[in-house]
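Below is one structure, written out as structure tokens; comments come after it.
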Amino acid sequence: MTIIRFNDALCQAATALQSLPLPPNPKPRVVRDVFGRLRFALDCPLANYPADALAALQSAQMALGAYASSPEVLTHDSFAFPEKVFSDPDWHITLVQLGHDEEGNPLGDVAVLLLDRQITGRDWLRPNDSEGATNRPHRMVFFGLKGGVGRSTALCMTAWGLARKGKRVLLIDFDLESPGLSGLILPRGSVAEFGVVDWLIEDAVGQGDSVIQRMVSASPLGEATVGAIRVAAAIGQSESDYLAKLARAYADVPSGDGPQRLGERLLRLVETLEAQEEPDVVLVDSRAGLHDLAAVAITTIADTALLFATDGEQSWAGYTQLFLHWQRRPEIAKRVREHLTLVRALTPTANREAGVHRFQQRAYELFAETLYDEIPVGAGLESPEGEGSFHPGEADQSAPHAPILIDWDEQFQEFDPMLRPEDGGATPARIEATFGELIKFAHERVQENAK
């Protein structure tokens, strides 16, 4: 007996839907539960679907082996409130690869309407519905697949550069499991009384408003600038029970409209802080890795998501998996891809030109193979944009794949941004030399948003 694995089950279900003699409407959908088991679903009462077609679906469903939870095909009769189930916003058109024929030729993709019940990672597929809002500050998220690439240092220097240009900058630390932003940019005595984790805990019991006005403090890094740098740290002053709070921080909480998930809560926190602080720009330090906090920050909150990477296999493999996840849901990919910008962190200065060229090529190949539309037949890279398509050319410096470069500089290893130049800190000229391209990019985004 052939054992069907997770990767095979959805392909087999999609193949069945293509090959079975089924009525054109309603088209069967697929529900995948938290264990990966599949069931077909029909948006109609059981009595309205032909008996022979129903039997074919049941047989195909049971052929999924361990990935079939029941012979029952879901219909309106399966639920107390079927309209709520079949209008769930988490239904997504999903492209399923059909594998290869006997000669190894790819069989292409087929689209199915999939409701994917997941324990974590749901926010990777939930773009912000308020996208395009113009009456709020620009939100820029700093993300990396792993630590140690200088993400937080770059964030601090970007805040400093924007404050020098007169901007009021709000920093929010979403790296709750590795909180370090406040240590970089706030002296110990300047940390606010409460942190982001306190708000999540108090909000869950209806007391979020009681801490919101006491969780932001001013950074001395902004004192010598025209603008200001305000910081909402992950941890508040004198915290003594952080792990107990962190263990509860990600919970969905009850509301009048049903459970409110983490992404909705964090977006509400950001909006409340924006109303309170009235910044020109919000910089978010995201949790590293493919974590739920990163999903919220990049997909739900960011107007611009800066994806930090080095030219190592860990970076490319991680971003490939993330982009493939979006690629298989085309409507999500189209809403996310234009907000992304790669940052080539720690760029080696030795053989710099060759290294940068290699990175740019790999970045273009990654985006072209996953998130960009296919190039229309007959179009070359010199004129890549067909009507209605999104496929910037490799040399397009405004495209998501065109990296912002940050050179490796030993002065910014274990760097203390609060240290004055006369005490060994970096001079403004050296900061501009290393982070100037990123600061310029961020400033342009803020200016565009203000128009």
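The values are calculated or read from the model by the stated rules, or taken from the named source; none is laboratory data. The shown structure was predicted, so the numbers you read here are calculated from the model rather than taken from an experiment. FYI the Cβ positions are ideal-geometry reconstructions off the backbone, even for glycines, and counts take in every protein chain you see. We work out accessible area using only protein heavy atoms, side chains counted, and drop any ligands, DNA or RNA first. Shrake-Rupley method; radii C 1.70, N 1.55, O 1.52, S 1.80 Å.
Mind counting the residues in the range 100-125 that are among the aliphatic types (A, V, I, L, M), surrounded by 13 or more Cβ atoms within 10 Å (Cβ to Cβ) and either part of a loop (DSSP other than H, G, I, E, B) or within 18 Å of the chain's Cα centre (by Cα) (or both)?
2
So for the range 64-77 (the condition being surrounded by 13 or more Cβ atoms within 10 Å (Cβ to Cβ), over 23 Å from Pro259 (Cβ atoms), out of contact with any helix residue (DSSP H, G or I) (no Cβ under 7 Å at 6 or more places or on another chain) and of a type in the set (A, V, I, L, M)), does at least one residue qualify?
yes
Would you be able to tell me the number of residues in the range 168-196 that are more than 19 Å from Arg445 (Cβ to Cβ) and open to solvent by 30 Å² or more (accessible area, probe 1.4 Å)?
Number of matching residues: 12.
Taking the condition exposed (fewer than 14 other Cβ atoms within 10 Å of the Cβ), in contact (Cβ under 8 Å) with a residue 24 or more places away in the chain, out of contact with any Ser or Thr (no Cβ under 8 Å at 6 or more places or on another chain) and under 19 Å from Met418 (Cα atoms), does Val226 pass?
yes
Exactly one of (1) outside any strand (DSSP E or B); (2) modelled with pLDDT of 85 or more; (3) of a type in the set (Lys, Arg) is unmet by Arg139. Its number?
(1)
With the checklist (1) within 18 Å of Val197 (Cα to Cα); (2) open to solvent by 10 Å² or more (accessible area, probe 1.4 Å); (3) in contact (Cβ under 8 Å) with a residue 12 or more places away in the chain; (4) not basic (Lys, Arg) in hand, flag the one item His339 doesn't pass.
It is condition (1) that His339 fails.
Could we say that Arg214 is surrounded by 22 or more Cβ atoms within 10 Å (Cβ to Cβ) and touching an Asp or Glu at 6+ places or on another chain (Cβ under 6 Å) here?
No, not satisfied.
Residue under question is Gln97, and the condition is that it be open to solvent by 50 Å² or more (accessible area, probe 1.4 Å) and under 23 Å from Gln327 (Cα atoms); does it hold?
Here the answer is yes, as Gln97 does meet what is asked.
Collect the residues in the range 150-167 that are closer than 19 Å to Thr310 by Cβ and either open to solvent by 10 Å² or more (accessible area, probe 1.4 Å) or among the polar types (S, T, N, Q) (or both), keeping them in residue-number order.
Gly150, Arg151, Ser152, Thr153, Thr158
The rows are residues; the columns are (1) modelled with pLDDT of 95 or more; (2) more than 24 Å from the chain's Cα centre (by Cα).
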site: Arg352; (1), (2): no, yes
site: Arg362; (1), (2): yes, no
site: Pro376; (1), (2): no, yes
site: Ala379; (1), (2): no, yes
site: Pro384; (1), (2): no, yes
site: Glu387; (1), (2): no, yes
site: Pro392; (1), (2): no, no
site: His401; (1), (2): yes, no
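Answer with yes or no whether Glu331 is open to solvent by 20 Å² or more (accessible area, probe 1.4 Å), among the acidic types (Asp, Glu), modelled with pLDDT under 95 and touching a strand residue (DSSP E or B) at 6+ places or on another chain (Cβ under 9 Å).
So Glu331 fits the description; yes.
Go through (1) of a type outside the set (Val, Ile, Thr); (2) within 29 Å of Gly206 (Cβ to Cβ); (3) surrounded by 20 or more Cβ atoms within 10 Å (Cβ to Cβ); (4) touching a strand residue (DSSP E or B) at 6+ places or on another chain (Cβ under 6 Å) and name the single condition Ala295 misses.
Just one mismatch for Ala295, condition (4).
Could you say which residue among Leu283, Leu273, Leu307, Leu342 is in a helix (DSSP H, G or I) and of a type in the set (A, V, I, L, M, F, W, C)?
Of Leu283, Leu273, Leu307, Leu342, the one residue that is in a helix (DSSP H, G or I) and of a type in the set (A, V, I, L, M, F, W, C) is Leu273.
What are the pairs, 6+ residues apart or on separate chains, where a residue within the range 169-192 that is farther than 14 Å from Met418 by Cβ has its Cβ under 8 Å from a residue that is of a type in the set (Asp, Glu) and part of a helix (DSSP H, G or I)?
As it stands, the answer is Leu170/Glu274; Leu170/Glu277, since those pairs meet every condition given.
Can you report the number of residues in the range 395-415 which are surrounded by fewer than 15 Cβ atoms within 10 Å (Cβ to Cβ) and farther than 22 Å from Thr320 by Cα?
Total satisfying the criteria: 4.
Identify, from the list Asp280, Asp285, Asp252, Asp257, the residue that is in contact (Cβ under 8 Å) with a residue 40 or more places away in the chain, open to solvent by 10 Å² or more (accessible area, probe 1.4 Å) and among the acidic types (Asp, Glu).
That would be Asp280, the only listed residue that is in contact (Cβ under 8 Å) with a residue 40 or more places away in the chain, open to solvent by 10 Å² or more (accessible area, probe 1.4 Å) and among the acidic types (Asp, Glu).
If the requirement is being closer than 30 Å to Phe323 by Cβ and more than 21 Å from the chain's Cα centre (by Cα), which of these qualifies: Pro279, Pro220, Pro259?
Answer to the selection: Pro259.
Quick one: would you say Gly147 is in a loop (DSSP other than H, G, I, E, B), open to solvent by 20 Å² or more (accessible area, probe 1.4 Å), among the small types (Gly, Ala, Ser) and in contact (Cβ under 8 Å) with a residue 12 or more places away in the chain?
Judged against the criteria, Gly147 is a match.
Do you know which residues across the range 386-443 are polar (S, T, N, Q) and touching a helix residue (DSSP H, G or I) at 6+ places or on another chain (Cβ under 6 Å)?
Thr427
Of the conditions (1) within 12 Å of Val73 (Cβ to Cβ); (2) open to solvent by 50 Å² or more (accessible area, probe 1.4 Å); (3) not aliphatic (A, V, I, L, M), Tyr49 satisfies every one except a single condition; which number is it?
Tyr49 satisfies every listed condition except (2).
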